[in-house]
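Here's the structure we're looking at; comments come further down.
Values quoted throughout were computed directly from the atomic coordinates according to the rules given, and no laboratory measurement underlies them. Given the structure is predicted, the values throughout are model-derived calculations rather than measurements. When we count neighbours, we look across all protein chains shown, and the Cβ atoms used for this are built from the backbone with ideal geometry, even at glycine.
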Amino acid sequence: MTKDKKVHAPDISGVEESLLNATSENIQKSTISYEDRLNFVNEISQPMAGRKLTKKIYKLIKKASKNREYCKSGLKLVQSSIRKGATGLIILAGDVSPVDVMIHLPAVCEDKDIPYCYVPSKEDIGTAMGVTRGVISVLIIDNPEIQDNFAEVLNEIKALPIPF
């Protein structure tokens, strides 16, 4: 028989109370601004949503993700939904690495006349959806629950200039 070793808890007496209560999400949001996130964006990430439009998009994703029929996330599911004829609004993350994974998706969107736009962070898309991982693409299908927000975001995305 072997003796079980005692596991000692780490000493946290010197750690501030605010750091213990803060989640990693709150720390990340408070330290990294919109402009800082733009430094990590790929060169192909055009049209990029502005600060206000990005906030509106995150609110729309949060509302749409309550019903999974109207919010498809992940590159594979978004691609298959587009191929099957789904229409709506596509949100892409600008900080994807390697870019080759999703470089074809804007061309597919333009061929199918589906509006799309980039936001600076895949982690923020995942947070808006309520998952802990980053999400690189989201397809939001119009439904009656989010009609007002969807129409507003759609009009603003259509007004963005496509550089190509």
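Some points to look at:
- When the pairs Lys56/Lys84; Lys63/Lys84; Lys63/Lys112; Lys63/Lys122; Lys56/Lys112 are compared against a 19 Å limit on Cα-Cα distance, Lys56/Lys84; Lys63/Lys84; Lys63/Lys112; Lys56/Lys112 fall above it.
- Packing rank of 97-110, 117-130, 57-70, where each peptide gets the mean count of other beta carbons within 10 Å, highest leading: 117-130, 57-70, 97-110
- Summary value for the stretch 71-164: 38 percent relative contact order, contacts being C-alpha pairs under 8 angstrom separated by 6+ residues.
- Alpha-carbon centroids, the stretch 77-120 and the stretch 33-49: separation in whole Å: 16
- Residue list for the stretch 37-56, given a label point 7 angstrom along the Cα-to-Cβ vector of Ile103 and an amide N cut-off under 16 Å: 42-46
- Modelled spin-label separation between Glu43 and Glu152, with each label point placed 7 Å from Cα along the Cα-to-Cβ direction: 3.7 nm.
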